[in-house]
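Everything on this sheet refers to the single structure shown next.
The values are calculated or read from the model by the stated rules, or taken from the named source; none is laboratory data. Bear in mind the structure is a predicted one, so any value in this text is a computation, not a measurement. We place every Cβ from the backbone using ideal geometry, glycine too, and count neighbours over all the protein chains shown. The accessibility values were calculated without ligands, DNA or RNA, using every heavy atom of the protein model including side chains. Shrake-Rupley method; radii C 1.70, N 1.55, O 1.52, S 1.80 Å.
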Amino acid sequence: CKSQHPLCSGLNFERAALITLTQVNGQRKYGGPPPDGRAQRERGCAFRKVFISQIPRDIYEDRLIPLFQSIGTIYEFRLMMNFSGQNRGFAYAKYGDPVTASAAVMTLHHYRLPEGGCLTVRKSTEKRQLRTALLHLL
């Protein structure tokens, strides 16, 4: 695949980096739970997932995964996609511990991409936490 099509970008990155990207329900996913089973034990643990927004529509995993791995090992990366194969402008990266996730937020928030654009990186908030916060407002 030599095209600039987003699907080709992901396929070329998979081949070059020897990783697997899985497309499911409007997202392309890299990785999964850590191999040592920590995910089950850490469900209620402090945050380890960061929310990345303001991603230019022509930037894909081949640029984002290495950037976020430069902070520390990520064991899951999810890039939200639309049906045409273009990214939707946001993603999630999950790290093995809260310290690394905090370092990613501090280091990469307002990171300027050489191709243009400025990423927003924040602590990810689980849906159930958002609902609870809204209940307190009522």
- Out of A103, A91, A133, which single residue is at pLDDT below 95, out of contact with any Cys (no Cβ under 7 Å at 6 or more places or on another chain) and of a type outside the set (S, T, Y)? A133
- If we ask which residues in the stretch 50-77 are modelled with pLDDT of 95 or more and under 12 Å from S124 (Cβ atoms), their number turns out to be 4
- Task: Please name all residue pairs, on different chains or six or more residues apart, with Cβ atoms under 9 Å, provided the first residue is in the stretch 97-120 and is among the polar types (S, T, N, Q) and open to solvent by 40 Å² or more (accessible area, probe 1.4 Å) and the second residue is at pLDDT 95 or above and assigned to a loop (DSSP other than H, G, I, E, B).
- Result: T107/S70; T107/I71
- Query: How do the pairs read when you match residues in the stretch 50-79 that are closer than 22 Å to G96 by Cβ with residues anywhere that are polar (S, T, N, Q), using Cβ under 7 Å and keeping only pairs 6 or more apart or on different chains?
  - Reply: V50/S124; F51/S124; I71/T100; I71/T107; G72/T100; R78/Q27; L79/Q27; L79/N87
